[in-house]
Amino acid sequence: MTQGKFGRRAALLSGVAALASPAVLRAQSGAGGGDPIKIATLTPLTGAGGTYGPVMAKVAAAVVEEVNAAGGVLGRKVVLVSEDDQTNPDAGVRAARKLIDVDKVSAIMGTWASAVTTAVAPLCWESKTFLCTVSGADSITLLPHQGYLIRTQPNTVLQITRAGEFLISLGAKKTYTLVPQTPFAQRSIEILAEVTQKAGGTHGSQIYDDKKTTYRTEVDQALRMQPDAIFCAGYTPDTVVMLKDLYRAGYKGKILGQAYSVNQKLIDQIGQNEVVENVYTYAPSVAEGSNALERVKKLSGLANPDPYTSQVYDHTNMVLMAMAAAKATSGTAVRDNIRRVTQGGGKTVDNAVDGLKAIAAGEKVDYTGASGPCDFNDVGDILDCKFRFEQIKSGKPVLVKIA
């Protein structure tokens, strides 16, 4: 890599704010000769997912820096290229095309929105570029990706089943889903209906336009059913509006939202504690108490890293170890060896530096990360995980349970 070609964008960025624009992230020490190994993050540095994307890219860069300082992979320096998908499928496709055609990366990590991953995945499998995602829509792993995809985020079935079971445990008998038009919308409705009806209850639903400035019509329609629990399954911008309209309509029942949406940014934007008071949130839980999570805290500078940052930490470690196990760095090499380093027994490791040393010594490794055990089925879905349920109290999320 020449300074003339990449000098404008080459930097190791240490601050979350600095990652608000695309950059080539490079560690400058450690690795030996040979062409650099190129991998990438494609995260939402801006848009609805902009709360999460910058720190996701930051943690991936920090893992690469550690690996390079320890000698790289197969004696070669690793270069991480970070691009912004803007939480938008069209922007995601443009960025992915650049990563694949211009940067010629072997793996892309961290796609967040399901719509972005759905748009980007075909580019990856067609070019034999490995894709690691944190998107949850069931449809993603049903695509004909030929093994060039894994996701550390639980799929829609697992996520919505757990959400429904939680609402039932709170005594809900009439549940209602309000969800924008997304790849997971219809399936979310079907699953919550199944869980509610199995418990002897009833369920209603609406799919709405997430660009509207008011949802009072949708709220009024939902409240005609007199639900005792509403599942708000949107992103932060539309959920801000939805919660305000539910409050103005006098709704007193339970509300559950995804933690990627009902987060501190949403609370701060609403600015009225009473609007979000007692709202429940849930998300896949990080591996509480694990050494891997402590490493993520140190690398990210966050006391409580979100699940997506923890998952991208895992993506980066797994991809680099898969390359070492394969003694090759192509996307196909990652595809064929990712499970070899994450499941099936062996020495337990929680970071690539230790894993690479073990692999070089001829040992079998079994990676367990900051998001938990990284065991995948044949189509690339994570097999299981725990969920963290919280409730907003006085403007702050308070843990209810991890289950």
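The values are calculated or read from the model by the stated rules, or taken from the named source; none is laboratory data. If you're wondering where the values come from, they're calculated on a predicted model, not measured in any experiment. FYI the Cβ positions are ideal-geometry reconstructions off the backbone, even for glycines, and counts take in every protein chain you see. Just so you know, the surface numbers come from the protein's heavy atoms only, side chains and all, with ligands and any DNA or RNA stripped out. Shrake-Rupley method; radii C 1.70, N 1.55, O 1.52, S 1.80 Å.
Being under 25 Å from the mean Cα position of the chain (by Cα), part of a loop (DSSP other than H, G, I, E, B) and not β-branched (Val, Ile, Thr) is the requirement here; does Lys252 meet it?
Against the criterion (under 25 Å from the mean Cα position of the chain (by Cα), part of a loop (DSSP other than H, G, I, E, B) and not β-branched (Val, Ile, Thr)), Lys252 does not qualify.
Residues that are under 24 Å from Val400 (Cβ atoms) and open to solvent by less than 70 Å² (accessible area, probe 1.4 Å): find the helices (runs of 4 or more DSSP H) completely inside region 152-229 holding 2 or more of those.
156-169, 185-198
Looking at region 259-279, is at least one residue free of Cβ contacts under 8 Å to residues at least 40 places away in the same chain and of a type in the set (Ser, Thr, Tyr)?
Looking through region 259-279, at least one residue is free of Cβ contacts under 8 Å to residues at least 40 places away in the same chain and of a type in the set (Ser, Thr, Tyr).
What tally of residues in region 356-396 results from selecting those that are over 20 Å from the mean Cα position of the chain (by Cα) and under 30 Å from Glu277 (Cα atoms)?
The number of residues fulfilling the criteria is 6.
Looking only at helices (runs of 4 or more DSSP H) that fall completely inside region 298-382, which ones have 1 or more residues that are within 22 Å of His145 (Cα to Cα) and open to solvent by less than 30 Å² (accessible area, probe 1.4 Å)?
The helices (runs of 4 or more DSSP H) meeting that bar are 307-326, 331-337.
For Asn273, state whether it is of a type in the set (S, T, N, Q) and closer than 30 Å to Cys124 by Cβ.
no
Would you mention how many residues in region 50-99 are assigned to a helix (DSSP H, G or I), open to solvent by less than 20 Å² (accessible area, probe 1.4 Å) and of a type outside the set (S, T, N, Q)? Step through it out loud before you land on a result.
Going through region 50-99, the residues assigned to a helix (DSSP H, G or I) turn out to be 53-69, 89-99.
Checking the rest, the ones that are also open to solvent by less than 20 Å² (accessible area, probe 1.4 Å) come to 53-57, 59-64, 67-68, 91-92, 95-96, 99.
Okay, now just the ones that are also of a type outside the set (S, T, N, Q), so 53-57, 59-64, 67, 91-92, 95-96, 99.
Adding up the residues that qualify gives 17.
Among the residues of region 268-294 satisfying the criterion of being in contact with a Pro (Cβ under 9 Å, 6 or more places away or on another chain) and of a type outside the set (A, V, I, L, M), which is most open to solvent (accessible area, probe 1.4 Å)?
Gln269
Only one of Thr133, Thr129 is in contact with a Lys or Arg (Cβ under 7 Å, 6 or more places away or on another chain), crowded, with 24+ Cβ neighbours inside 10 Å and under 17 Å from Val334 (Cα atoms). Can you tell me which? Give the derivation first.
Values: Thr129 fails: in contact with a Lys or Arg (Cβ under 7 Å, 6 or more places away or on another chain).
Checking each option against the conditions leaves just Thr133.
Using beta carbons and a limit of 7 Å, which pairs, at least six apart or on different chains, have the first residue in region 243-255 and under 16 Å from Thr177 (Cα atoms) and the second one in a loop (DSSP other than H, G, I, E, B) and not β-branched (Val, Ile, Thr)?
From region 243-255, the pairs are Asp245/Tyr215; Gly253/Pro227; Gly253/Asp228; Lys254/Leu170; Lys254/Ala172; Lys254/Asp228.
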